[in-house]
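Structure first, commentary second.
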Amino acid sequence: MLQKIALVGLVSICLAPAVPVQAATATKLPKNFLLYERTAREDMARDDPDDLHDYEETWLYDDRADQPLLANPCYTVAVGTGQSTKIGLTGRKAVRSVTFSSQEYHGTQEQVIVYRSTKIAKKVMGDWKAAAARCARKGSKAQPMGVFRRKLYPSSLGDQAWAVTGYNTDDDEQWDAYVIVRRANAIIYYGGPRQKKPFAKDRRDAKKMLAKICRVASC
């Protein structure tokens, strides 16, 4: 009887359709897959709850499925006025972000999101771009305190990408900058606050992630 059951199981396995390696690996991001994740994990492991100064500079990683897209299409996160967005929350297979912050500003930010399909990822990019474009036109430059706006620059990274700056119309001062990139069904984000050379570091980091993103995306 046991031999019969084993034989049936073996036949079932042989008849099952082959599963692509990418589909099997795209449901979970490996530990330390993000570029700055190891640094964040090590910093969190050293955290001392009794040392108030320990939190003046903090690395964090986040695996929550419902965490917002870090590439906020409008408001900045560099000065603590970031607002959450519902763009890109559905259709996810895996998501992880790493952020660095101090008491004065938000620093390095990194996020990788893998969606169930390339079609969904394309829609997320479309929704994000439409929202960012609305932000670019929002408000009057003549307002006393100015308004926050974004400037979008097409990028050749991945299958679809933009480099983005945020600035205040009152003084045209740059508040933050980031790159958002899609490769197949994955979206990659790198950004931070004011930068002397906007996008230089973010582009380098995005290229490093693009070199290995197909380990988890359906490229």
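Restricting to segment 18-38, what's the tally of residues that are modelled with pLDDT under 90 and either closer than 15 Å to Val114 by Cβ or not in a loop (DSSP other than H, G, I, E, B) (or both)?
Summing the residues that are modelled with pLDDT under 90 and either closer than 15 Å to Val114 by Cβ or not in a loop (DSSP other than H, G, I, E, B) (or both) in segment 18-38 gives 9.
Residue by residue, here is whether (1) open to solvent by 60 Å² or more (accessible area, probe 1.4 Å); (2) modelled with pLDDT under 90; (3) not in a loop (DSSP other than H, G, I, E, B) holds:
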site	(1), (2), (3)
Trp59	no, yes, yes
Val77	no, yes, no
Gln83	yes, yes, no
Lys86	yes, yes, no
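Sort through Lys93, Lys129, Lys122 and tell me the only one that's modelled with pLDDT of 90 or more and closer than 24 Å to Asp170 by Cα.
Lys129
The values are calculated or read from the model by the stated rules, or taken from the named source; none is laboratory data. Note that the structure is a prediction, hence the values are computed from the model and not measured. Don't worry about glycine lacking a Cβ; one is built from the backbone with ideal geometry, like all the others, and counts go over all protein chains shown. These accessible areas exclude ligands, DNA and RNA; they are computed on the full protein's heavy atoms, side chains included. Shrake-Rupley method; radii C 1.70, N 1.55, O 1.52, S 1.80 Å.
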